[in-house]
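Read through the structure below, which is laid out as structure tokens, and then see the notes.
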Amino acid sequence: MAVAVELNFRGATLDQYDQVIQKMGLKQGGATPPGAISHWVAKTDDGFRVVDVWESKETFERFAQEKIGPYTREAGIESEPEMKFYDVHNWLTKT
């Protein structure tokens, strides 16, 4: 079942986010990594928020362990993000 993931990185900057994306080999407006359906990020009053839709929670958790965790630490983001998961009823994508 598809899952939406909301990650709130308090105290982090969009410059740090950009470093993480670059380390992952991703680019703005480009394709998502395997298993991800959609992704967006926005600045918040105290950091930034990422909202993704993934094919499954397990796929996201594997990606988070292998990529998100190590690359955020390399970019200087020391605290773990606050995470919320939602079961996705439907999603739309650009074709």
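Values for this structure:
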{"item": "Sequence of LYS57, LYS43 when ordered by accessible area, the most exposed leading, probe 1.4 angstrom", "result": "LYS43, LYS57"}
{"item": "Surface accessible to a 1.4 Å probe, LEU14 within the full protein complex, Å²", "result": "60"}
{"item": "Residue-level accessible surface for ARG10, protein heavy atoms, 1.4 Å, Å²", "result": "120"}
{"item": "Accessible heavy-atom area order of THR44, THR32, highest first, probe of 1.4 Å", "result": "THR32, THR44"}
{"item": "Taking all pairs of distinct alpha-carbon atoms in the chain, Kirkwood radius in angstrom", "result": "13.6"}
{"item": "Stretchable slack from VAL88 to ASP18, in nm (0.36 nm times residue separation minus alpha-carbon distance)", "result": "22.5 nm"}
{"item": "Cα gyration tensor category, rounded, prolate or oblate, for region 14-60 with a/c compared to 1.5", "result": "oblate"}
{"item": "Protein accessible area in the chain, 1.4 Å probe - carbon and sulfur %", "result": "49"}
{"item": "Low-density loop positions, GluC sites (Glu not before Pro), region 2-95 - DSSP coil, at most 11 other Cβ in 10 Å", "result": "GLU78"}
{"item": "Between 0 and 90°, nearest 10: helix 14-23 axis offset from the chain longest Cα axis", "result": "70"}
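The values are calculated or read from the model by the stated rules, or taken from the named source; none is laboratory data. Since the structure is predicted, the reported quantities are computational estimates derived from the model, not experimental observations. Positions of Cβ are backbone-derived with ideal geometry, glycine not excepted, and every protein chain shown enters the neighbour counts. The accessibility values were calculated without ligands, DNA or RNA, using every heavy atom of the protein model including side chains. Shrake-Rupley method; radii C 1.70, N 1.55, O 1.52, S 1.80 Å.
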